[in-house]
Structures are given as C-alpha cells and as structure tokens.
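What follows is a short report on a single structure.
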Amino acid sequence: MSSAMLIVPVMDIIAKYLSSSIHPLEVTFGRFVFQFLVSLVFALILLRLPRPGGQQPVVNFLRGILLASASLCFFIAVKYMSVATAISIFFVEPMILTILAALILKEPVGPRRIGAIAVGLAGALIILRPNLAEIGLVSLLPVATAVLFSFYLLLNRLYPVRDDLLTIQLSAGLAGSLYLGAILLAATTLELGDVVFVWPNAWQVGLLALIGLISFCAHGLVVAAFQRGSASLLAPLQYLEIVSATLFGFLVFADFPDLLTWVGISLIVGSGLYITHRERVRKQAAG
C-alpha cells in the first residue's frame, strides 16, 4: 500500500508536465489506452486472455467510466494547480463517501462522524479559497474527482468485485479508452473549448506509456494490499500520497504548499483518519 501511494503522484506529475503541450483530455485518453495495452500484454504472457467485461460487464465498464471521468477531472486540475494541493483537496473523498453512503445505502452516521465531516470540509475550504481567487472554478475539479471516486467505491459496495485483477484492469482500460476516445473525437470535431488533438512525439508517447504502466502497477499493489490487510489498517497509508506529491512537485516544478494549505491538509487528514476509526468501531459493533 505504501509503495502504491508513493508512486501514484508520479503519474500525476507526468500528466502535469505533458499538459503544457497536450490537452489533459488527450493525456487521460493515453493513460487508459496504455493501461489497457499493458494489461493485454500481461494477459498474453500469462496465456490467460479474459472475456471483456468479465462476469459483470455492465458494472466493470461503469467502473472504468467513473475512473476515466475522475482521472480527467484531476488531470485538468493539475494543469493549473500543484499536484500536492490537488491531492490534498481530493482527500475529502472519505467525507463525501460517508455522506453518499448515508443518503443512498441508508448507513447510520452519528454526530461524531458528522463533526469529522465538517472539519474535513472546513480544511478543504481553507485550501480552496486562495485557489478559487487565482484560477477560478477549475480549483473545484479535485472535489469533482473525489465525488466520482466516491461513486466508484459506492458501486463496489453495491456490487462486490467478482473478477480477478487482470480482468478488472482490462475492462477499466477498455471502457476508459472507448469513453474518452469518443469525447476526444467529438471535442476535436466540433471544436469544443480549447481541445486540439496533437500527435505526440516519441518522448511524449513514452511518458504516456509510463503513466499507463504506473496506473496498472499501483492498482495491482492496492489490490494485493487489501487481500492481505484490513481496510482500517491500510486506509491511513493513503495519505502518503501527499508526502510523495509534495516531494516530486517540489523537485520537478518547485511547488511547495504554503502554511495555510498545510493547515487545511492537517484538518482533512485528521478528519479522514477519525472517520476511518469510527468506521472500524461501527463494523466491530455490528459484528
């Protein structure tokens, strides 16, 4: 889990670098195309090519579309803001998931978790305020990423995964590629916004392939971690992303969060850890 969280921001750093010459929509499309190709290569090496969609084709393809939408929002965000800041805002996801689970799954939410949600959202507002003033509504895209990823996790609760990792990776890569490819084709054909398709050079193709490989490896590491450890043990380790994003963001772009941003990060991380703790207590009581 720690390894996955430390390498995921590398993918975001590369996306930010590429977005200076390639539109984030095309970068995201490339990410899913190469994730699919990497998965396909592994399937061929293992002589085990799964059926597209696996046992739950609709659910698996919907998972891929949700992940593709979340990735697109995030890659657009990091074009305009630091990766560390975007990831920090994204970590309101446990609060959003708790709210959605209460509304959709009717899970009970006590006053303690409501208080933790309020603290986490306050932390997000502290980080967002200067960014809203500087770059506008695009600074809300990490929140949109968190909402989309929360729906992805909610889908996993409603329909537990029944396929192996390779099938899920292939399905997500295929669904994301088709979905984003259709959007990219429509946007370039209709000249929507500033979307312009650029044929990537060999260096850019290599970086897009690296993003796809990192995505494949990180997903595999996370799945392997959850097969071996409890969610309550692993959840706090996700905040290592902030450490890795801050380090690589500083080394590559000389970005470093200011004091106010660190205050907001502390509130978000603290509330996220508390929600994880309360979730564990609730499950123990139910069991």
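Remarks
Table: residues versus (1) at pLDDT 90 or above; (2) closer than 27 Å to residue 235 by Cβ; (3) over 16 Å from the mean Cα position of the chain (by Cα).
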residue: 1; (1), (2), (3): no, yes, no
residue: 7; (1), (2), (3): yes, yes, no
residue: 11; (1), (2), (3): yes, yes, no
residue: 23; (1), (2), (3): yes, no, yes
residue: 32; (1), (2), (3): yes, yes, no
residue: 41; (1), (2), (3): yes, no, yes
residue: 66; (1), (2), (3): yes, yes, no
residue: 70; (1), (2), (3): yes, yes, no
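- From 271, 230, 244, residue being within 22 Å of the chain's Cα centre (by Cα) and surrounded by fewer than 12 Cβ atoms within 10 Å (Cβ to Cβ): 230
- One residue alone among 100, 132, 140 is assigned to a helix (DSSP H, G or I) and at pLDDT below 85, and that residue is 132.
- Hits in region 166-194 - residues which are more than 14 Å from residue 28 (Cβ to Cβ) and either touching a Gly at 6+ places or on another chain (Cβ under 6 Å) or assigned to a loop (DSSP other than H, G, I, E, B) (or both): 167, 171, 190, 191, 192, 193, 194
- Segments classed as helices (runs of 4 or more DSSP H), wholly inside region 1-93, with at least 1 members that are touching a residue at least 24 places away in the same chain (Cβ under 8 Å) and touching an Asp or Glu at 6+ places or on another chain (Cβ under 6 Å): 2-18, 57-80, 83-90
- Within region 195-242, the residues that satisfy the criterion of being outside any helix (DSSP H, G or I), modelled with pLDDT of 85 or more and not aliphatic (A, V, I, L, M) are 197, 199, 200, 201.
- For region 253-278, filtering for residues that are within 14 Å of residue 115 (Cα to Cα) and of a type outside the set (Val, Ile, Thr) leaves 8.
The values are calculated or read from the model by the stated rules, or taken from the named source; none is laboratory data. Predicted, not measured: the structure shown is a model, and the values here were computed from it. Don't worry about glycine lacking a Cβ; one is built from the backbone with ideal geometry, like all the others, and counts go over all protein chains shown.
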